[in-house]
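What follows is a set of notes on a single structure, which appears directly below.
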Amino acid sequence: MAPEKLATIRKVLENKGCIIVEHWLYRGASAPERMIFDDFQKFQEYLRTRTHGGDAIDVWSMHDFCTPQNRVAEGKVPDLDGCVPTGGPY
């Protein structure tokens with residue numbers, strides 16, 4: 001990938017936290033692979049070891065799209081008694 005694109009991705013990871021990556025395999029003839037990265041070095045390692053010529057990579061800032069307003073659903077897991085606690089650190 002181009003240095004300016006990698007610099008943009010690094011900045012997003014440093015300032016916003018996570019990226020969503022969609023990896024379209026040139027010779028895969030299947031749906032893309034999708035991953036989430038929160039570490040620039042791990043993302044670069046993925047690019048070095050898992051991509052091939054002709055593959056396409058799309059990258060989004062997870063925190064720009066994954067907001068409470070954009071949720072499809074949300075909920076809490078009940079405890080062993082079937083009770084759902086209220087509150088929490090989240």
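The values are calculated or read from the model by the stated rules, or taken from the named source; none is laboratory data. Computed from a predicted model, the values in this text were never measured in an experiment. Virtual Cβ from ideal backbone geometry, glycine too; neighbours counted across all protein chains shown. Accessible surface is based on the protein model in full, side chains and every heavy atom, while ligands, DNA and RNA are left aside. Shrake-Rupley method; radii C 1.70, N 1.55, O 1.52, S 1.80 Å.
Taking the criterion of being at pLDDT 95 or above and among the acidic types (Asp, Glu), would at least one residue in the stretch 56-69 satisfy it?
yes
Residue under question is ASP58, and the condition is that it be without any contact (Cβ under 8 Å) to a residue 40 or more places away in the chain, within 12 Å of the chain's Cα centre (by Cα) and either assigned to a helix (DSSP H, G or I) or on the phi < 0 side of the Ramachandran plot (or both); does it hold?
So ASP58 fits the description; yes.
If PHE40 passes every condition in (1) aromatic (Phe, Trp, Tyr); (2) touching a His at 6+ places or on another chain (Cβ under 8 Å); (3) modelled with pLDDT of 95 or more but one, which one does it miss?
Going through (1) aromatic (Phe, Trp, Tyr); (2) touching a His at 6+ places or on another chain (Cβ under 8 Å); (3) modelled with pLDDT of 95 or more one by one, PHE40 breaks only (2).
From the list LYS76, LYS5, LYS11, which residue is over 16 Å from the mean Cα position of the chain (by Cα) and not in a loop (DSSP other than H, G, I, E, B)?
When all the criteria are applied, what remains is LYS5.
Is at least one residue of the stretch 58-66 under 30 Å from ARG27 (Cβ atoms) and open to solvent by 80 Å² or more (accessible area, probe 1.4 Å)?
Checked against the condition, which is being under 30 Å from ARG27 (Cβ atoms) and open to solvent by 80 Å² or more (accessible area, probe 1.4 Å), the stretch 58-66 yields at least one hit.
For the stretch 39-65, which positions are touching a strand residue (DSSP E or B) at 6+ places or on another chain (Cβ under 8 Å) and over 17 Å from ALA2 (Cβ atoms)?
ARG50, TRP60, SER61, MET62, PHE65
Conditions: (1) in contact with a helix residue (DSSP H, G or I) (Cβ under 8 Å, 6 or more places away or on another chain); (2) in a helix (DSSP H, G or I). MET35 meets all but one. Number of the miss?
If we test MET35 against (1) in contact with a helix residue (DSSP H, G or I) (Cβ under 8 Å, 6 or more places away or on another chain); (2) in a helix (DSSP H, G or I), just (2) comes out false.
Give me the pairs: first residue in the stretch 21-41 and surrounded by 11 or more Cβ atoms within 10 Å (Cβ to Cβ), second residue among the charged types (D, E, K, R), beta-carbon distance under 6 Å, and six or more apart or on different chains, which are they?
From residues that are surrounded by 11 or more Cβ atoms within 10 Å (Cβ to Cβ), the pairs are GLU22/ARG34; GLU22/ASP58; HIS23/GLU33; LEU25/ASP55; TYR26/ASP55; PRO32/GLU22; PHE40/ARG10.
Considering each of THR86, THR51 in turn, give the residue that is at pLDDT 90 or above, of a type in the set (Ser, Thr, Tyr) and out of contact with any helix residue (DSSP H, G or I) (no Cβ under 9 Å at 6 or more places or on another chain).
Exactly one of THR86, THR51 is at pLDDT 90 or above, of a type in the set (Ser, Thr, Tyr) and out of contact with any helix residue (DSSP H, G or I) (no Cβ under 9 Å at 6 or more places or on another chain), namely THR51.
Kindly establish whether ASP81 is open to solvent by 40 Å² or more (accessible area, probe 1.4 Å) and in contact (Cβ under 8 Å) with a residue 24 or more places away in the chain.
Spelling it out, it is not the case that ASP81 is open to solvent by 40 Å² or more (accessible area, probe 1.4 Å) and in contact (Cβ under 8 Å) with a residue 24 or more places away in the chain.
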